[in-house]
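A.B. asks: Can you keep this structure in mind? I'll have questions shortly.
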Amino acid sequence: LNEQFQGNSGFFNGGGTLSFVNNGIFHKSTTNQFANSNIPFVNTGTISGLGGMNLNFASVTNSGTVSPGNSPGILNATESLISGQPATLSFEVINGSGAGTGHDQINLNIGGAGVTNLSNATITVTEIGGLAPFQSYTVLTTNGTFSGTFANENIQSGYTITYNASSIVVTKIAFPLPAVWGE
């Protein structure tokens, strides 16, 4: 599904037992906001792109991947997309030009300032092109606070991760060294 909303929009329940299940790719290609008004949202596939994902209006189950950006970009979302979910957050770092242009970022800033539990989620950070400078990259922010650490950290060699109260930062500290095997 390639979302191309002309304004803020989404799926709205007019009655019945509806749900939105994504087991493929749901790509947001505009900065407009998607909402799931009174419709349960289940993601086992990939959510990618930019703009807003307002999932405050019904239950959310996310065991899939959230990959912000259009290589790269910024996705704004509700805490329920990540909090307590066994989701994989996948970020790309390209250069030092900032969030949205040089690296991906997810901002949990829609609908409140709650506590986002990271303990079931996985983070993946990949540098594309090998030209990113030695610096810090804020990949995840919240209006509230974070609790716990990621269950799994798949971070490219030469990077570290720092957990702050309202942000997650990865820092490039070295070039990855190649492994050379002898006979």
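The values are calculated or read from the model by the stated rules, or taken from the named source; none is laboratory data. Just so you know, these numbers come straight off a predicted model, no measurement behind them. All Cβ positions, glycine included, derive from the backbone under ideal geometry; neighbour counts span all protein chains shown. Accessible surface is based on the protein model in full, side chains and every heavy atom, while ligands, DNA and RNA are left aside. Shrake-Rupley method; radii C 1.70, N 1.55, O 1.52, S 1.80 Å.
A.B. asks: Please give the per residue accessible area of the stretch 36-183, computed with a probe of 1.4 Å over protein heavy atoms only, in Å². Walk me through the numbers before you get to the answer.
C.D. replies: Details: 6110 Å² over 148 residues.
Per-residue accessible area for the stretch 36-183 comes out at 41 Å².
A.B. asks: Using the Karplus curve 6.51 cos²θ - 1.76 cosθ + 1.60 with θ = phi - 60°, what ³J(HN,Hα) values do you get for each residue of the stretch 40-54, in whole Hz, with x for Gly and Pro?
C.D. replies: Values per residue, Gly and Pro as x: x, 10, 10, 10, 10, x, 10, 10, 9, x, 9, x, x, 10, 9 Hz.
A.B. asks: Averaging over all projection directions, find the projected area of the Cα convex hull of the stretch 1-82 and quote it in nm² with one decimal place. Could the numbers behind the result be given before it?
C.D. replies: On the way: hull surface 19.4 nm².
Average projection, Cα convex hull of the stretch 1-82: 4.9 nm².
A.B. asks: Give me the percent of accessible area attributable to carbon and sulfur for the chain, probe 1.4 angstrom. Intermediate values should be presented prior to the final figure.
C.D. replies: Details: 4360 of 8350 Å².
Ligands and nucleic acids excluded, carbon and sulfur give 52 percent.
A.B. asks: Under a crude label model (7 Å from the Cα following the beta-carbon direction), how far is Thr149 from Thr31 in nanometres?
C.D. replies: In this crude spin-label approximation the distance works out to 3.6 nm.
A.B. asks: Which percent of Cα pairs goes in each bin when the distances of the chain are cut into 10 angstrom slices starting at zero?
C.D. replies: Bins of 10 Å from zero give 10, 38, 34, 13, 4, 1, 0 percent of pairs.
A.B. asks: Here's something else I'd like to know. How high is the relative contact order of the chain, in percent, with contacts defined as C-alpha pairs under 8 Å that are six or more residues apart?
C.D. replies: Working: 513 pairs, mean separation 26.0, N = 183.
Computed value for the chain: 14 percent relative contact order.
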